[in-house]
Amino acid sequence: MKNITVIGAGQMGNGIAHVFALKGFSVQLVDVSAPALEKAIATIAKNNERMVGKGTITAEEMTACMQNIQTNTSLADACKTADLVVEAATENIDLKLRIFADIDANAPEGCILASNTSSISITRIAAATKRPAAVIGMHFMNPVPVMKLVEVIRGYATTDEVANTIVELSKKLGKIPTVVNDYPGFVSNRILMPMINEAIETLFQGVAGVEEIDTVMKLGMAHPMGPLQLADFIGLDTCLAILRVLHDGFGNPKYAPCPLLVNMVTAKKLGVKSGEGFYVHTPGSKELVVSPSFK
Ligand SMILES: NC(=O)c1ccc[n+]([C@@H]2O[C@H](COP(=O)([O-])OP(=O)(O)OC[C@H]3O[C@@H](n4cnc5c(N)ncnc54)[C@H](O)[C@@H]3O)[C@@H](O)[C@H]2O)c1
């Protein structure tokens with residue numbers, strides 16, 4: 001494996017491109033939005049500089065990493081010589097089905113097609129292609145350069161060979177792969193999202209404020225970050241999309257998204273990516289400031 005194409009240059013896509021490029025892979029980073037590509041390259045450069053500052057990588061490794069990444073707004077072009085495509089576009093089933101049909105039409109035979117989806121069925125995504133045996137979930141965690149886990153999701157038709165290749169590749173990236181089966185939310189979000197939704201419901205019902213809920217979970221349960229702060233980091237639109245997949249997939253009302261979450265997404269209060277969610281996020285500041293809506 002040498003050529004990796006990453007589709008979607010948002011917060012996950014830029015991190016995925018970054019870790020592959022650091023390990024010497026040649027990366028094509030694709031987005032429909034040219035500004036998203038520019039922002040992704042700036043983020044990767046900034047994260048590299050921080051790593052050089054901390055002594056994690058050398059200045060030469062930083063230069064090589066940046067040279068390993070090319071950006072492209074054409075998916076067809078970027079997939080032509082790919083050995084692996086990792087899709088990390090917006091969490092929307094119709095969009096992903098379209099993207100996978102496109103990748104399938106353009107990627108060479110033998111290329112593995114992976115999705116970084118948080119919850120959408122890999123089997124369903126695979127059915128949009130003519131090579132379901134080569135489709136797999138490669139679910140990185142946020143922030144990608146820091147988090148060790150890769151949740152590897154085997155679709156109904158994924159072969160052992162493809163699963164083993166992705167497990168070995170994840171290890172080469174310095175990650176720890178864990179293989180799971182394809183059910184809504186897999187393992188990570190089947191457990192995480194109901195907790196985040198319950199934290200939002202607790203806020204919605206006035207049981208406690210933003211800071212109190214996050215403090216209880218941080219200090220009481222030894223979580224490094226409270227669930228509301230984590231929701232802001234993930235993106236409230238992504239949390240809502242995942243809860244809808246769980247709700248539809250299991251048909252169980254316990255997964256119904258809290259109305260407050262739905263309202264916040266409608267109001268474009270998406271967390272870090274929009275500058276405000278449960279907290280106000282000022283670039284460069286690590287201070288936790290509760291949004292005026294919840295004071
Ligand atoms: N945010 C998280 O913490 C997290 C963690 C793990 C997995 N994921 C998953 O990763 C994926 C991306 O999430 P994100 O948080 O990076 O979202 P994001 O909103 O930050 O980025 C999504 C990007 O996809 C691009 N895009 C949309 N349509 C496209 C198309 N047709 N072709 C190419 N690019 C397109 C958008 O322009 C945007 O830049 C989702 O499936 C999400 O569920 C997210």
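In table form, for the structure just shown:
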item: Under 5 Å, built H, 5+ apart or other chain: amide partners of THR158; result: none
item: nm² value of the averaged projected area, convex hull over the Cα atoms of region 103-257; result: 10.0 nm²
item: Hz values of 3J(HN,Hα) by residue in region 162-172 - Karplus curve (6.51, -1.76, 1.60), Gly and Pro given as x; result: 5, 4, 5, 4, 6, 4, 5, 5, 4, 4, 4
item: Per-pair calculated FRET efficiency, R0 = 35 Å: ALA133 and LYS268 via Cβ, rounded to 0.05; result: 0.30
item: Among ALA127, LEU75, ASN14 the positive-end extreme of the charge dipole of region 3-181 (Cβ point charges); result: ASN14
item: For region 72-162: Kirkwood Rh in Å [reciprocal of mean 1/r, alpha carbons]; result: 13.2 Å
item: Convex hull projection area averaged over all views, region 1-144, Cα basis, nm²; result: 7.7 nm²
item: 0 to 90° range, to nearest 10: angle between helix 236-250 axis and the chain longest Cα axis; result: 80 degrees
item: Whole-Hz ³J(HN,Hα) from phi, Karplus 6.51 cos²θ - 1.76 cosθ + 1.60, for region 196-202, glycine and proline x; result: 4, 4, 5, 5, 5, 5, 5
item: Per residue Cα convex hull volume in Å³ - calculated over region 190-289; result: 95 Å³
item: Theoretical FRET efficiency, 1/(1+(r/R0)^6), r = Cβ-Cβ of VAL187 and LYS46, R0 41 Å, to 0.05; result: 0.80
item: Mean separation of Cα contacts under 8 Å (6+ apart) over length of the chain, as relative contact order %; result: 13 percent
item: Rg/Rh for region 21-73, where both radii come from Cα atoms and Rh is the Kirkwood radius; result: 1.00
item: Scattering curve values for the chain, log₁₀ I(q)/I(0), Debye with Cα scatterers, q = 0.07, 0.10, 0.14 Å⁻¹; result: -0.26, -0.54, -1.07
item: Rounded to 5, percent antiparallel among DSSP beta bridges of region 3-181; result: 15 percent
item: Cα centroid of region 11-82 to Cα centroid of region 117-189, whole Å; result: 21 Å
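Just so you know, all these numbers are worked out from the coordinates, no wet-lab data involved. Not measured: the values here are computed from a predicted model. In this analysis, Cβ positions are derived from the backbone assuming ideal geometry, glycine residues included, and neighbour counts consider all displayed protein chains.
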